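Asker: Sending over a structure as structure tokens; questions will come in a sec.
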Amino acid sequence: MSDLQAAVAAGVFAAEDGYRSLLRATVEVARAIFRAKAASVFLLDEATEELVFEAVAGEGAESLVGQRFPADTGVAGWVLVTRQPLVVEDLTTDTRFSREAAESTGFVPKGLMAVPLLAEDRALGVLEVLDRPQQTKFSLQEMDLLGLFANQAAIALELLQRARRARAALDGEGELAALARFAARLEAADEDERRAGLDLLDALRRLL
């Protein structure tokens with residue numbers, strides 16, 4: 001129930017495409033700003049404990065979206081588990097790097113930056129920027145900039161997850177699906193009706 005009410009309050013029904021577009025724009029801008037060969041956002045699928053390519057810019061953009069691998073694999077897995085950002089200038093010397101996983105994507109980077117995507121106490125996924133120019137050492141200013149991109153990606157990823165949960169409920173059967181369809185209809189309601197409907201959802205949440 002709380003997901004449904006939050007979904008309606010945020011207006012996320014039928015908004016998946018918009019959030020996917022926001023993720024794509026985020027990785028495209030990150031790649032351009034850092035002059036990198038590629039950038040990507042991984043979503044953690046908690047049900048399967050896998051990381052899923054959700055948005056990709058540059059190398060692999062046409063083929064990687066939707067591919068998945070175990071959530072504890074490689075640098076992305078390390079960043080997800082530890083919730084710590086990581087910069088590796090030379091991946092050939094880093095034991096956390098999984099060359100096998102990289103080869104499966106068709107692109108083996110030489111270096112990368114990775115940062116966890118967090119929402120309060122939840123790890124939603126990972127943002128990676130691959131093969132930025134290495135003429136200069138990675139700076140604190142760049143880390144701050146990477147954090148800004150991570151914040152943007154985390155917001156978009158959380159909204160996308162919320163939209164998908166709401167859509168799954170809407171397409172289902174039984175009491176939850178009926179409530180989801182009621183919640184969806186609130187999007188077309190005027191302000192007073194919408195507020196009353198949200199109050200009803202809140203009352204049902206407490207009752208159930």
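The values are calculated or read from the model by the stated rules, or taken from the named source; none is laboratory data. Quantities reported herein were computed from a predicted structural model and do not represent experimental measurements. Note that we place each Cβ from the backbone using ideal geometry, even for glycine, and neighbour counts take in every protein chain shown. To get the accessible areas, we keep the full protein, side chains included, count just its heavy atoms, and leave off ligands, DNA and RNA. Shrake-Rupley method; radii C 1.70, N 1.55, O 1.52, S 1.80 Å.
Asker: Taking the range 1-43, which residues are of a type outside the set (Val, Ile, Thr), open to solvent by less than 30 Å² (accessible area, probe 1.4 Å) and at pLDDT 80 or above?
Answerer: If the condition is that a residue be of a type outside the set (Val, Ile, Thr), open to solvent by less than 30 Å² (accessible area, probe 1.4 Å) and at pLDDT 80 or above, then 23, 30, 34, 36, 38, 39, 40, 42, 43 are the ones that fit.
Asker: Tell me yes or no: at least one residue of the range 131-142 is open to solvent by less than 70 Å² (accessible area, probe 1.4 Å), in a helix (DSSP H, G or I) and at pLDDT below 90.
Answerer: yes
Asker: Next question. Tell me yes or no: at least one residue of the range 91-103 is acidic (Asp, Glu), outside any helix (DSSP H, G or I) and at pLDDT below 90.
Answerer: no
Residue-wise test of (1) of a type in the set (S, T, N, Q); (2) within 21 Å of residue 28 (Cβ to Cβ).
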position: 69; (1), (2): no, no
position: 83; (1), (2): no, no
position: 92; (1), (2): yes, no
position: 112; (1), (2): no, yes
position: 121; (1), (2): no, no
position: 132; (1), (2): no, yes
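Asker: Which pairs turn up if I take residues in the range 42-53 that are at positive phi and look for partners that are buried (at least 18 other Cβ atoms within 10 Å of the Cβ) and part of a loop (DSSP other than H, G, I, E, B) with beta carbon separation below 7 Å, at least 6 apart in sequence or on another chain?
Answerer: 49/71
Asker: Being among the aromatic types (Phe, Trp, Tyr) and under 16 Å from residue 129 (Cα atoms) is the filter; apply it to the range 54-113 and report the residue that is most open to solvent (accessible area, probe 1.4 Å).
Answerer: Restricting to residues being among the aromatic types (Phe, Trp, Tyr) and under 16 Å from residue 129 (Cα atoms), the top hit is 78.
Asker: Among 76, 119, 153, which is the only one that is under 27 Å from residue 46 (Cβ atoms), within 21 Å of the chain's Cα centre (by Cα) and in contact (Cβ under 8 Å) with a residue 60 or more places away in the chain?
Answerer: None of the others qualify; the one that does is 153.
Asker: Any idea which of 36, 55, 47, 61 is among the small types (Gly, Ala, Ser), part of a loop (DSSP other than H, G, I, E, B) and under 15 Å from residue 161 (Cβ atoms)?
Answerer: The conditions single out 47.
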